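Participant: Have a look at the structure that comes next, please.
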Amino acid sequence: MKPKYSLKNNFKYSIDGLKELLKERAFKIEISFFIIFTIILFLLPYPLWSKIFLFASLFLPIIAEAFNTSMEKVVDLVNEDYHILAKHAKDISAFAVLLSIIITFLIWLGFIVYFWE
């Protein structure tokens, strides 16, 4: 039976998802980079609008990793045995994480070049 919609329950489900993500080594690494670059962001002499944009870009790898982890868990639920299609699904979602990291890097590089004195 589908649970009744509740903002309180949805918040709890989100926290449960975060707890599950924190078990993943890759997510821990991405959170570490998020924290490091957030600290660096406060030290940069950039205007507020650029800091907001750079800060928002730091969420891209975290969001991609959340989708990647959920994809891996669903694939594992459906098929515990090795299957080439399961491997492809996992590889493609891992590639999405890589792309999000590259995009974030390019955004940061673009701002650094733009504001370079």
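Participant: Is the shape of segment 47-96 best called rounded, prolate or oblate, per the rule: a/c under 1.5 gives rounded, else a/b larger than b/c gives prolate, else oblate, with a ≥ b ≥ c the square roots of the Cα gyration tensor eigenvalues? Don't skip to the answer; put the middle values down first.
Facilitator: Working: a/c = 8.01, a/b = 3.62, b/c = 2.22.
Since a/c reaches 1.5 and a/b is larger than b/c, the shape of segment 47-96 is classed as prolate.
Participant: How many nm is it between the label spots at ILE63 and LEU106, if each spot is 7 Å from the Cα in line with the beta carbon?
Facilitator: Inter-label distance under the simple model: 1.6 nm.
Participant: If you don't mind, there's one more thing I want to ask. Using a Förster distance of 35 Å, how high is the FRET efficiency between LEU99 and LYS19, based on the Cβ-Cβ distance and rounded to 0.05?
Facilitator: On the way: r = 26 Å, r/R0 = 0.75.
So, using R0 = 35 Å, E works out to roughly 0.85.
Participant: Suppose accessible area is computed on protein heavy atoms with a 1.4 Å probe; arrange TYR13, TYR114 from highest to lowest.
Facilitator: Numbers: TYR13 110, TYR114 160 Å².
From most exposed to least exposed: TYR114, TYR13.
Participant: Also, I was wondering about something else. How tilted is helix 48-57 with respect to the longest principal axis of the chain? Cα atoms for both, answer in degrees (0 to 90, nearest 10).
Facilitator: 30
Participant: Given only helices, namely DSSP H runs of n ≥ 4 each adding -39500 (n - 2.57), what is the per-residue ellipticity at 222 nm of the chain, to the nearest 500 deg cm²/dmol? Present the calculation step by step, with values, prior to reporting the outcome.
Facilitator: Working: 5 runs with 96 residues, N = 117.
Result for the chain: -28000 deg cm²/dmol, rounded to the nearest 500.
Participant: Just the number, please: carbon plus sulfur as a percent of the accessible area of segment 40-117, 1.4 Å probe, no ligands or DNA/RNA counted. Walk me through the numbers before you get to the answer.
Facilitator: On the way: 4350 of 5580 Å².
The value for segment 40-117 is 78 percent carbon and sulfur by accessible area.
Participant: At a probe radius of 1.4 Å, what is the per-residue accessible area of LYS90, in Å² to the nearest 10?
Facilitator: Surface accessible to solvent at LYS90 totals approximately 60 Å².
Participant: Against the longest principal axis of the chain, how steep is helix 7-21, in degrees 0 to 90 to the nearest 10, with axes from Cα atoms?
Facilitator: Around 80 degrees separate the two axes.
Participant: Please work out the average accessible area per residue across the chain, using the 1.4 Å probe convention, and give it in Å².
Facilitator: Values: 9060 Å² over 117 residues.
Result: 77 Å² per residue.
Participant: Just the number, please: Stokes-Einstein D of segment 17-106 in µm²/s, Kirkwood Rh from C-alpha pairs, 4 °C, 1.567 mPa s.
Facilitator: D, rounded to a whole number, is 90 µm²/s.
Participant: Could you tell me which of the pairs LYS19/LYS87; LYS8/LYS51; LYS12/LYS73; LYS4/LYS90 are separated by over 21 angstrom between their Cα atoms in the structure shown? Working shown, then result.
Facilitator: Numbers: LYS19/LYS87 25 Å; LYS8/LYS51 32 Å; LYS12/LYS73 19 Å; LYS4/LYS90 32 Å.
Cα-Cα > 21 Å for LYS19/LYS87; LYS8/LYS51; LYS4/LYS90; rest within.
The values are calculated or read from the model by the stated rules, or taken from the named source; none is laboratory data. Remember, it's a predicted structure, so these values are computed and weren't measured experimentally. Don't worry about glycine lacking a Cβ; one is built from the backbone with ideal geometry, like all the others, and counts go over all protein chains shown. The protein model used for the area step is the full one, side chains on, heavy atoms only, and it has no ligands, DNA or RNA in it. Shrake-Rupley method; radii C 1.70, N 1.55, O 1.52, S 1.80 Å.
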